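A.B. asks: Let me begin by handing over the structure; questions about it come next.
The values are calculated or read from the model by the stated rules, or taken from the named source; none is laboratory data. Given the structure is predicted, the values throughout are model-derived calculations rather than measurements. A quick note on method: Cβ atoms are made from the backbone with ideal geometry, for glycine too, and the neighbour counts reach across all protein chains shown. When the accessible area is computed, the model is the full protein with side chains, heavy atoms only, and any ligands, DNA or RNA have been set aside. Shrake-Rupley method; radii C 1.70, N 1.55, O 1.52, S 1.80 Å.
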Amino acid sequence: MEPFVKIKGLVATLDRVNVDTDQIIPKQFLKRIEKTGYGQFLFFDWRLNEDGSPNPDFELNAPQFKGASILLTRDNFGCGSSREHAPWALLDYGFHSILAPSFADIFYNNCFKNGMLPVQLPQDQISDLFEWVGANPGAQLTVDLESQTLSGDSLEYPFEVDPFRRDCLLKGLNDIDLTLQYEEQIREYESKNG
Amino acid sequence: MSKEPKTLLDKIWDRHVVHQEPGQPAILYIDCHLVHEVTSAQAFEGLRLAGRKVRRPNLTYATVDHNVPTWDRSLPITDAISKLQIDTLGKNCKEFEIQLFGLDSPNQGIVHVIGPELGITQPGKTLVCGDSHTSTHGAFGTLAFGVGTSEVEHVLATQCLLQSKPRSLQIQVQGQLPTGVTAKDVILYIIRTIGTDGGTGCVIEYTGDTIGRFTMEERMTVCNMSIEAGARAGMIAPDETTYAYVEGRSYAPQGKEFQDAVDYWKTLPSDPDASFDRTVEVEVSSLAPQVSWGTNPGMVTDVTGTVPDPESFADETSRRAARSALEYMGLQPGLPITEIKLDRVFIGSCTNARIEDLRAAARMIQGRKVSSSLQAMVVPGSQQVKRQAEKEGLDRIFTEAGFDWRESGCSMCLGMNPDILSPGQHCASTSNRNFEGRQGRGGRTHLVSPAMAAVAAIEGHFTDIRQWSDN
Ligand code: SF4
């Protein structure tokens, strides 16, 4: 897994609650057997019109969000289906960090397995960030996992993240390798429990 | 030894912790791993790239369900990409020596229907699957939760998962349900009450006399939709109903082993003085049938109600969400739920396509005809359910009424196969998600119970079946 240490980038906003993984990547694109190439299908039904042209009303299509690597959104992001295609699509589209007041559990978990950082911030800070992005088009934010801070022109917020997850992400550690360090304990458990 | 009171979750959790370093998640042993075609290919590929094997192939079971056509099984699959995914699972199961209930198996079906019906799902076990509705299996007092593809690979390789212990939420359901009001209405009402993120970070344990009276099928319907409240899992303590359901099933312990298992299962229910992080009480003795009007499973109201006015919501974010839901659904505030015009009816999915669900639906429509204004279909949850229904003549009741009678699979629950809604169509559906586009781009889903869906098919619109059944 690619480590995540720090990124600096443009912030795109998606001002909606309960964005589910069916919207992030609709089911017709789950038939592939690869992990790559899902970016083109991100928010497909919202981003594109029926005829395949970009939907100008969809926030992420706004020209100022082109090339954004941070996504700012609202409560319960990533709810619904467990499909890991959701973080794969977001990452492939260019987002490396997502900022929201809350995330759905499975999605949150899936992000960390793919070198992506979901940052949970208090409601009022998220609202302030929405205002900040609106008032400062083109401004960049820095998400620093090492120091656990989010910073930009005239703002700085600390954020919390589970120390174990942080460590894995900073070092790009793979969970399977970690677990296999405890092979002996697993074997012991198996011999006791059949 | 001190005897700290424990919940059902605590008991199963503690028994499955292989190892835990301070400040790190536990290494949790997984007793049973279910696999399907959509979320597994990349996991098997990961194993191959790392030169790993499946650690316990005999604890792993696979089936195809999401993608499979539900028409005649002797016809070829026309969608080449679907076919590739289905074939890939076949190859992976062969290479890694995993038992597959494939398209030609008499036991094929939706993964959350076949686990329980084969007796694979058992109380006290840990069970995972790369699918969020794995919460279904919690109905047996199993700790069962959905995982992503990376974790599928992790379980295949190690038979363990790295997990932090979730918080516990008790939902106490009290009261005798009125006739015509079902487990589906109960869970929709719960989600309506606690919200689609009301269970985030938690494992829900459903308790109370209503739950105690529920059959296993009803319990599965409730636990199935725990994820729609954001919960990691839903659980119900095993009791006589549970043992009776499991006994005699192909993969369940037999004879003396079954008795030993029951002795263990009896130790599982939460201790009377065990404490939960949070408790919610729900009274259901005057509950009305529930219908969803919006684009998430918390946007639900009584069948006797009306489409809500977005302006009536407390905060701007909810108002905006309701406005955009109504726009997508093509509904006006104040419209009575019974006046929503329906185009399709879907009876199926891992929420409501078990034999009892089909019986409940068939009972309502016997000798009647599907309204000429809509199309209706029944997709049994598994081949076993289908055979049983045919044995009981339910298929004829459905087909004579004008329903399509299909082969088993997920079908129009998510529309990955050819069964989808056309843009703008309203569908009464017994599934679990009414997200935008879930049943087809532009499709408008209304979640209801099987009996409500069946009557909607006859009437062409929603009807309060508490009155209807009296006719
Ligand atoms: S029936 Fe629907 S919810 Fe259930 S497993 Fe299939 S797609 Fe998922």
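A.B. asks: For the residue pair A:Gln120 and B:Asp104, what label-to-label distance in nm results when each label sits 7 Å from Cα along the Cα-to-beta-carbon direction?
C.D. replies: In this crude spin-label approximation the distance works out to 4.9 nm.
A.B. asks: Which distance in nm do the two modelled labels at B:Asp302 and A:Asn61 give, with both placed 7 Å along the Cα-to-Cβ direction?
C.D. replies: Output for this residue pair reads 4.2 nm.
A.B. asks: While we're here: If DNA, RNA and ligands are ignored and the probe is 1.4 Å, what is the ranking of A:Arg166, B:Arg368 by accessible area, most exposed first?
C.D. replies: Largest to smallest exposure gives the sequence B:Arg368, A:Arg166.
A.B. asks: Stokes-Einstein diffusion coefficient for the protein assembly as shown at 10 °C in a medium of 1.306 mPa s, Rh from the Kirkwood formula over Cα pairs: what value in µm²/s?
C.D. replies: For these conditions, the coefficient is 63 µm²/s.
A.B. asks: So, by mean Cβ neighbours within 10 angstrom, what's the order for B:263-271, B:230-238, B:131-139 with the highest one leading?
C.D. replies: B:131-139, B:230-238, B:263-271
A.B. asks: Still on this structure, please answer the following. Where in the stretch B:421-445 does accessible area fall by at least 50 Å² between the isolated chain and the complete protein assembly, at a 1.4 Å probe radius?
C.D. replies: B:Phe435, B:Glu436, B:Arg441
A.B. asks: Skip the ligands, DNA and RNA, and give the accessible area per residue of the protein assembly as shown with a 1.4 Å probe, whole Å². Display every interim value, and only then the final one.
C.D. replies: Details: 24330 Å² over 665 residues.
Dividing the accessible area of the protein assembly as shown by its residue count gives 37 Å².
A.B. asks: Net charge within 11 Å of B:Arg319 by Cβ-Cβ distance, Lys/Arg positive one each and Asp/Glu negative one each, not counting B:Arg319 itself?
C.D. replies: -2
A.B. asks: Follow-up. Give me, ordered by chain and number, the residues 5 or more places off B:Gly146 or on other chains with an amide H under 5 Å from its own placed amide H.
C.D. replies: Hits under the 5 Å cutoff: B:Thr134, B:Ser135.
A.B. asks: Just reorder A:Trp88, B:Trp71 by solvent-accessible area, largest first, 1.4 Å probe, all chains present.
C.D. replies: The residues order as B:Trp71, A:Trp88, largest area first.
A.B. asks: Local charge sum around B:Val262 (other residues, Cβ-Cβ under 15 Å, Lys/Arg +1, Asp/Glu -1)?
C.D. replies: Values: positive: B:Lys125, B:Arg249, B:Lys256, B:Lys266; negative: B:Asp239, B:Glu240, B:Glu247, B:Glu257, B:Asp260, B:Asp263.
Net of charged neighbours comes to -2.
A.B. asks: Computed on alpha carbon atoms, what radius of gyration and Dmax characterise the stretch B:183-293, expressed in Å?
C.D. replies: When restricted to the Cα atoms of the stretch B:183-293, Rg and Dmax are 15.5, 51 Å.
A.B. asks: Next question. In nanometres, what is the gap between the two model label sites at B:Leu75 and A:Ala139, each 7 Å from Cα along Cα-to-Cβ?
C.D. replies: Output for this residue pair reads 5.8 nm.
A.B. asks: Here's a follow-up. Grab the DSSP H runs of the protein assembly as shown that are 4 residues or longer, score each as -39,500 (n - 2.57), total them, divide by all residues and round the 222 nm result to the nearest 500 deg cm²/dmol. Could the numbers behind the result be given before it?
C.D. replies: Numbers: 24 runs with 216 residues, N = 665.
The per-residue figure over the protein assembly as shown is -9000 deg cm²/dmol.
A.B. asks: Would you mind calculating the gained length between B:Thr215 and B:Asp315 on full extension (0.36 nm times residue separation, minus the Cα-Cα distance), in nm to one decimal?
C.D. replies: Length difference between fully extended and current span is 32.1 nm.
A.B. asks: Using only atoms on other chains, find how many Cβ atoms lie within 10 Å of each Cβ of peptide B:164-170 and report the average.
C.D. replies: Across the residues of B:164-170, the mean count of other-chain Cβ atoms within 10 Å is 1.
A.B. asks: What is the set of long-range amide H partners of A:Phe43 at a cut-off below 5 Å, with H atoms built 1.01 Å from backbone N?
C.D. replies: A:Ile25
A.B. asks: Given R₀ = 41 Å, what would the calculated FRET efficiency be for A:Thr36 paired with B:Ser422, taking r from the Cβ atoms and rounding to 0.05?
C.D. replies: The computed FRET efficiency comes out at 0.80.
A.B. asks: Same structure, new question: Would you mind giving the mean number of other chain beta-carbons within 10 Å of the Cβ of each residue in A:14-21, as a whole number?
C.D. replies: Other-chain Cβ atoms within 10 Å of each residue's Cβ, averaged: 5.
A.B. asks: In the stretch B:39-185, how does Rg compare with the Kirkwood Rh, expressed as the Rg/Rh ratio over alpha carbon atoms?
C.D. replies: 1.02
A.B. asks: Roughly speaking, to the nearest percent, how much of the stretch B:208-347's 1.4 Å accessible area is carbon and sulfur?
C.D. replies: Using a 1.4 Å probe with all protein chains present, the stretch B:208-347 comes out at 48 percent carbon and sulfur.
A.B. asks: Can you give the convex hull volume per residue for the Cα atoms of the stretch A:124-194, as a whole number of Å³?
C.D. replies: Enclosed volume per residue, from the Cα hull, is 140 Å³.
A.B. asks: I want to verify the translational diffusion coefficient of chain B in µm²/s; compute it with Stokes-Einstein, Rh as the Kirkwood radius over Cα pairs, at 37 °C and 0.692 mPa s.
C.D. replies: It diffuses with D of about 146 µm²/s by this estimate.
A.B. asks: Give the calculated FRET efficiency between B:Tyr264 and B:Thr399 to the nearest 0.05, with a Förster radius of 51 Å applied to their Cβ-Cβ distance. If you can, show how the numbers build up before the last one.
C.D. replies: Values: r = 45 Å, r/R0 = 0.88.
It comes to 0.70.
A.B. asks: Kindly state, to the nearest 0.05, the FRET efficiency for B:Leu335 paired with B:Lys369, given R0 = 22 Å and r defined as their beta-carbon distance. List each step's numbers first, then the result.
C.D. replies: Working: r = 26 Å, r/R0 = 1.19.
Taking R0 as 22 Å, the efficiency between B:Leu335 and B:Lys369 is 0.25.
A.B. asks: Could I ask something else about it? Could you tally the net charge around B:Phe346, taking each other residue with its Cβ under 13 Å from the Cβ of B:Phe346, Lys/Arg +1 and Asp/Glu -1?
C.D. replies: +1
A.B. asks: List the residues, sorted by chain then number, that are 5 or more residues from A:Leu48 or on another chain and whose placed amide H is less than 5 Å from its amide H.
C.D. replies: For A:Leu48, whose amide H was placed from the backbone, the distant partners under 5 Å are A:Asn55.
A.B. asks: What does the average come to when, for each residue of peptide B:15-24, you count the partner chain Cβ atoms lying within 10 Å of its Cβ?
C.D. replies: 4
A.B. asks: Once phi is turned into ³J(HN,Hα) by the Karplus curve 6.51 cos²θ - 1.76 cosθ + 1.60 with θ = phi - 60°, what whole-Hz value does each residue of the stretch A:140-150 show in order, with x for glycine and proline?
C.D. replies: The phi angles translate into 10, 10, 10, 10, 10, 6, 4, 8, 6, 9, 10 Hz.
A.B. asks: To continue, here is another question. Run the numbers for A:Leu173 and A:Asp128: contour at 0.36 nm per residue of separation, minus the present Cα-Cα distance, in nm.
C.D. replies: So the extension gain works out to 12.8 nm.
A.B. asks: A further question on this structure: Suppose we flag GluC sites (Glu not before Pro) only when DSSP calls them loop and at most 14 other Cβ atoms lie within 10 Å. Which is the longest uninterrupted stretch of chain A?
C.D. replies: After excluding every exposed loop site, the longest remaining stretch is A:51-145.
A.B. asks: Each residue of the stretch B:415-426 in turn: what ³J(HN,Hα) in whole Hz from Karplus with 6.51, -1.76, 1.60 and θ = phi - 60°, glycine and Pro shown as x?
C.D. replies: So the Karplus estimates, Gly and Pro as x, are x, 7, 9, x, 7, 9, 7, 8, x, x, 6, 9 Hz.
A.B. asks: Where does the stretch B:324-471 land on the Kirkwood hydrodynamic radius, alpha-carbon pairs, in angstrom?
C.D. replies: Numbers: mean 1/r = 0.0664 Å⁻¹.
Evaluated on the stretch B:324-471, it is 15.1 Å.
A.B. asks: Also: Round to a whole number: what % of the accessible area of the stretch B:387-455 belongs to carbon and sulfur, probe 1.4 Å? Write down the numbers at each step before the final one.
C.D. replies: Values: 790 of 1790 Å².
With neighbouring chains kept in place, the figure for the stretch B:387-455 is 44 percent.
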